[in-house]
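Working notes for the structure below.
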Amino acid sequence: MAKFIGAVRFQNGDLAWFLWNGVIDMAMPRLFRTREEASDAWDDPQRGAYEPRPGGDVVDVMPLYDPDIDGPESDARVFFRSRADRDAMVLIGPLSLDRAMDEKL
């Protein structure tokens, strides 16, 4: 599977990290406080982690964001917007661009 470590940016500028499945262009739902935590969870299938529900904080989803790399490998552009439960550290909104377009955040 083609995976990348990406970031979500909360409205106050805080970042959380996630794994991006590049084969199906979808975020994996668990959020991590550091890139290292996300990297350590590389093989976690995250089964049962996603429960879409209303509420949460609106976040910018940036699949290829890496603050340690300059250039096209670190794309800080927002791919879509979703919602996150900051306390549970999980995305609760759309996990893909297609779903985000349906929700229109």
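Does Asp98 satisfy the criteria of being modelled with pLDDT of 90 or more, part of a helix (DSSP H, G or I) and out of contact with any helix residue (DSSP H, G or I) (no Cβ under 9 Å at 6 or more places or on another chain)? Judged against the criteria, Asp98 is a match.
Being assigned to a loop (DSSP other than H, G, I, E, B) and either surrounded by 12 or more Cβ atoms within 10 Å (Cβ to Cβ) or at negative phi (or both) is the filter; apply it to the range 2-14 and report the residue that is modelled with the lowest pLDDT. Spell out the reasoning first.
Taking the range 2-14 as the starting set, the residues that turn out to be assigned to a loop (DSSP other than H, G, I, E, B) are 2, 11-14.
Subset that is either surrounded by 12 or more Cβ atoms within 10 Å (Cβ to Cβ) or at negative phi (or both): 2, 11-12, 14.
On the way: Ala2: 82, Gln11: 95, Asn12: 95, Asp14: 94.
Out of the qualifying residues, it is Ala2.
Tell me, yes or no, whether the range 15-23 has at least one residue that is in a loop (DSSP other than H, G, I, E, B) and under 14 Å from Met89 (Cβ atoms). There is no residue in the range 15-23 that is in a loop (DSSP other than H, G, I, E, B) and under 14 Å from Met89 (Cβ atoms).
If you filter the range 26-50 down to residues that are open to solvent by less than 50 Å² (accessible area, probe 1.4 Å), without any contact (Cβ under 8 Å) to a residue 60 or more places away in the chain and under 12 Å from the mean Cα position of the chain (by Cα), you find that the one that is nearest to Ser82 (Cα to Cα) is Phe32.
Residues that are over 14 Å from Pro94 (Cα atoms) and out of contact with any strand residue (DSSP E or B) (no Cβ under 9 Å at 6 or more places or on another chain) within the range 25-56 comprise Asp43, Pro45, Arg47, Gly48, listed in sequence order.
Select from the range 24-47 the residues that are basic (Lys, Arg) and part of a loop (DSSP other than H, G, I, E, B) and list them in ascending order. Correct list: Arg33, Arg47.
Gln11 passes every criterion in (1) in contact with a strand residue (DSSP E or B) (Cβ under 8 Å, 6 or more places away or on another chain); (2) without any contact (Cβ under 8 Å) to a residue 24 or more places away in the chain apart from (2).
Determine whether Ala88 is modelled with pLDDT of 90 or more, part of a helix (DSSP H, G or I) and open to solvent by less than 80 Å² (accessible area, probe 1.4 Å). It is false that Ala88 is modelled with pLDDT of 90 or more, part of a helix (DSSP H, G or I) and open to solvent by less than 80 Å² (accessible area, probe 1.4 Å).
The values are calculated or read from the model by the stated rules, or taken from the named source; none is laboratory data. Computed from a predicted structure; not experimentally measured. Every residue, glycine as well, gets a Cβ built from its backbone with ideal geometry; the counts of neighbours run over all protein chains shown. For the accessible areas, the whole protein counts, side chains as well, though only heavy atoms, and no ligand, DNA or RNA atoms are used. Shrake-Rupley method; radii C 1.70, N 1.55, O 1.52, S 1.80 Å.
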